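See below for the structure under consideration.
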Amino acid sequence: MLEQLLIFTRGGLILWTCKELGNALKGSPIDTLIRSCLLEERSGAASYNYDAPGAASYTLKWTFHNELGLVFVAVYQRILHLLYVDELLEMVKREFSEIYDPKRVEYFDFDETFRQLRKEAEARAEELRKVKPMGNDGRKQQVVKKGSGGFDGGNKKNKSDAKEADGDDGKGRKLENGHSNGNHSVVGEGNRGMGLANGKENARSNNGAFDVSKLQKLKSKGVKKPTDTSVVVSKGSKADPKKKVTKKNRVWDDSPKDAKLDFTDPVEENGNENIQVVAADQGESMMDKEEIISSDSEEDEEDEEVGKDSKPDAKKKGWFSSMFQSIAGKANLEKADLEPALKALKDRLMTKNVAEEIAEKLCESVAASLEGKKLASFTRISSTVQAAMEEALVRILTPRRSIDILRDVHAAREQRKPYVVVFVGVNGVGKSTNLAKVAYWLLQHKVSVMMAACDTFRSGAVEQLRTHARRLQIPIFEKGYEKDPAVVAKEAIQEATRNGSDVVLVDTAGRMQDNEPLMRALSKLIYLNNPDLVLFVGEALVGNDAVDQLSKFNQKLADLSTSPNPRLIDGILLTKFDTIDDKVGAALSMVYISGSPVMFVGCGQSYTDLKKLNVKAIIKTLLK
């Protein structure tokens, strides 16, 4: 049964709801749909599933009237699988658009129209339900009757073939079943042909193995049988086992060898390193510098390129018809009109390292927002599509909440507790290095920082963090290796509370998203310490793998947590951004799949090489 159907404008004004249904929805499925789907450019999806706080779970389907700016949403219980909802929404959209007036806010006269439309849709769905089982039963009976002969024939043939070729019984049966199911009327011929197929299969499978028949031929010719293939060595490769061949260093000239190749800092007699303080010499962090964006003088040229790429049929239409269409405008945009421009845009996004799945969903969402709209005069479809895509990218990449960490740090300081940041991510992305960059940036803003070495898994991780702490002259809390990282983090937070540190930066071990033991340990660390910010550190070099990493990290943190409201990833730190040129698509993929903003961007190897994400520059690069 349909739970609710409502019509509202894109501005959020509800025009009509079905009073007959009148069922009180548990939770807030409509608000969640708007927040998580419509505003996040996921409107190209077929449906949205909402799990209410209680036992109820709903499925929501929607459609747009883009020209009038209306949204039609139907809500029903997920367990019912109503077949008529899509058709009902289209009928409601068609009838309501005829009586819609922008000046009206009440449509009580639409109740009777909706009642009739729902009866028609339910009756049509009932007829289809009655017709489909009859047709399917008839087809299934025919398949079983004709397929049974094929199975028997296959078994007989396999028995006879087993004498000639060992181990191919299963392969022959698979081939015969596939052939008999695909061509029901030629079952006998398929069975006769299986012997040939099996012979070919045997020939293919034996190509890589040692052929016994060849060995018998060699015996008959008087050639000795090789007892062990590993013993067969060419004469030239024989070497005296007593003599060990050692590689000599290449000498380029007659200059003397360097006595020392270790250029690390000198160590005193007591073991302390003489490390100079470099925090004061590094200069201002790039986080506090405004990035200058180049002018938009190339936009006209870019539009022309899009027009060329997205109009492969321009020659067929002719210059006069295309010119007339651009002057007069098109009545309503259809999906077929948008496909060439969207395909060119999707290919362009994928060349910029956007994951294929994300690029496809974005194009579907843009198509859903433009379908049915009227094309203005002197406007090309390609430029309209690009403008819609630009608006969509701005909505996705612009943070929906405040990402001002300094303000949150001062708020935590007033409550006399440290602000805790946990850095998580896969192996080798630069968590420890960028943790030090964040620490340097916080020190410049007169914030006291303490590091927590919770990577007790990787050799050298504690020493690496200790080196950063000495160079920056900040305290570090460490317990060595093979300790529980959750307990180490908890003790570090307690130590920071006693010492009055403002921020605790927690370094964790790198782990792949499929490594369940390490993901369970990370979930325990986050649950036990409840950090203020969970930062996912990811490389800007990844493409499709960004979707897999972030989605599985979030999924594992949710599944393995013992809390009813598990903590997920709050923000993203994108590393190695200086190595990708214009392949900036990983930022879009990560934000789209997680819904979390990019809070920091690592762009070098020094402490100052940390900056904010420039949304305008990213969008310009993606669409260039």
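Observations on the model:
- Just one of the listed residues (R416, R401) is outside any helix (DSSP H, G or I), farther than 22 Å from I34 by Cβ and not β-branched (V, I, T), namely R416.
- Single unsatisfied condition, K26 versus (1) touching a residue at least 40 places away in the same chain (Cβ under 8 Å); (2) in contact with a strand residue (DSSP E or B) (Cβ under 9 Å, 6 or more places away or on another chain); (3) over 18 Å from E364 (Cβ atoms); (4) open to solvent by 30 Å² or more (accessible area, probe 1.4 Å): (1)
- Restricting attention to region 492-505, the residues that are in a helix (DSSP H, G or I) and not small (G, A, S) total 6.
- Of all residues in region 532-548 being assigned to a strand (DSSP E or B) and open to solvent by less than 10 Å² (accessible area, probe 1.4 Å), the one that is modelled with the lowest pLDDT: G538
- The residue list L5, L80 contains one member that is touching a residue at least 40 places away in the same chain (Cβ under 8 Å), buried (at least 20 other Cβ atoms within 10 Å of the Cβ) and more than 29 Å from the chain's Cα centre (by Cα), which is L5.
- Selected residue (criterion: surrounded by the fewest Cβ atoms within 10 Å (Cβ to Cβ)) from residues of region 432-453 that are part of a loop (DSSP other than H, G, I, E, B) and in contact (Cβ under 8 Å) with a residue 24 or more places away in the chain: H445
- Sole residue being in a loop (DSSP other than H, G, I, E, B) and either under 18 Å from E356 (Cα atoms) or open to solvent by less than 20 Å² (accessible area, probe 1.4 Å) (or both), chosen from S606, S563, S596, S589: S596
- Filtering region 488-511 to residues that are in contact with a helix residue (DSSP H, G or I) (Cβ under 8 Å, 6 or more places away or on another chain), of a type in the set (A, V, I, L, M) and closer than 17 Å to F457 by Cβ leaves A489, V506, A509.
- Matching residues, region 345-380, being in a helix (DSSP H, G or I), closer than 19 Å to N544 by Cα and open to solvent by less than 60 Å² (accessible area, probe 1.4 Å): L345, K346, R348, L349, I358, A359, L362, C363
- L15 being open to solvent by 10 Å² or more (accessible area, probe 1.4 Å), touching a residue at least 60 places away in the same chain (Cβ under 8 Å), among the hydrophobic types (A, V, I, L, M, F, W, C) and in contact with a strand residue (DSSP E or B) (Cβ under 7 Å, 6 or more places away or on another chain): yes
- Screening V422 with (1) open to solvent by 20 Å² or more (accessible area, probe 1.4 Å); (2) modelled with pLDDT of 95 or more gives one miss only, at (1).
- Residue identified as under 16 Å from L533 (Cβ atoms) and not hydrophobic (A, V, I, L, M, F, W, C) among G585, G571: G571
- Of all residues in region 33-46 being open to solvent by less than 20 Å² (accessible area, probe 1.4 Å) and part of a helix (DSSP H, G or I), the one that is farthest from K361 (Cα to Cα): L33
- For region 56-68, the count of residues that are loosely packed, with under 14 Cβ neighbours inside 10 Å and either at positive phi or not in a loop (DSSP other than H, G, I, E, B) (or both) is zero.
- Among the criteria (1) within 28 Å of A388 (Cβ to Cβ); (2) out of contact with any helix residue (DSSP H, G or I) (no Cβ under 6 Å at 6 or more places or on another chain); (3) aliphatic (A, V, I, L, M), the one A74 does not fulfil is (2).
- Test: residue in region 615-622 that is β-branched (V, I, T) and modelled with pLDDT under 90: no
- Meets criteria (modelled with pLDDT of 95 or more and either under 26 Å from the mean Cα position of the chain (by Cα) or open to solvent by 50 Å² or more (accessible area, probe 1.4 Å) (or both)) for V429: no
- Single condition E90 does not satisfy, out of (1) farther than 18 Å from Y48 by Cα; (2) open to solvent by 70 Å² or more (accessible area, probe 1.4 Å); (3) modelled with pLDDT of 90 or more: (1)
- Boolean, G480 is part of a loop (DSSP other than H, G, I, E, B) and in contact (Cβ under 8 Å) with a residue 60 or more places away in the chain: no
- Test: residue in region 400-414 that is on the phi > 0 side of the Ramachandran plot and in contact with a Leu (Cβ under 9 Å, 6 or more places away or on another chain): no
- Within this structure, A489 passes the test of being open to solvent by less than 60 Å² (accessible area, probe 1.4 Å) and either in a helix (DSSP H, G or I) or among the basic types (K, R) (or both).
- Condition met for N49 (within 25 Å of Y592 (Cβ to Cβ), among the polar types (S, T, N, Q) and buried (at least 16 other Cβ atoms within 10 Å of the Cβ)): no
- All told, G571 meets the bar of being open to solvent by less than 10 Å² (accessible area, probe 1.4 Å) and farther than 21 Å from K352 by Cα.
The values are calculated or read from the model by the stated rules, or taken from the named source; none is laboratory data. Note that the structure is a prediction, hence the values are computed from the model and not measured. As a convention, Cβ positions derive from the backbone with ideal geometry for all residues, glycine included, and neighbour counts pool all protein chains shown. Ligands, DNA and RNA are stripped out before the accessible areas are found, and what is left, the full protein with its side chains, is counted by its heavy atoms. Shrake-Rupley method; radii C 1.70, N 1.55, O 1.52, S 1.80 Å.
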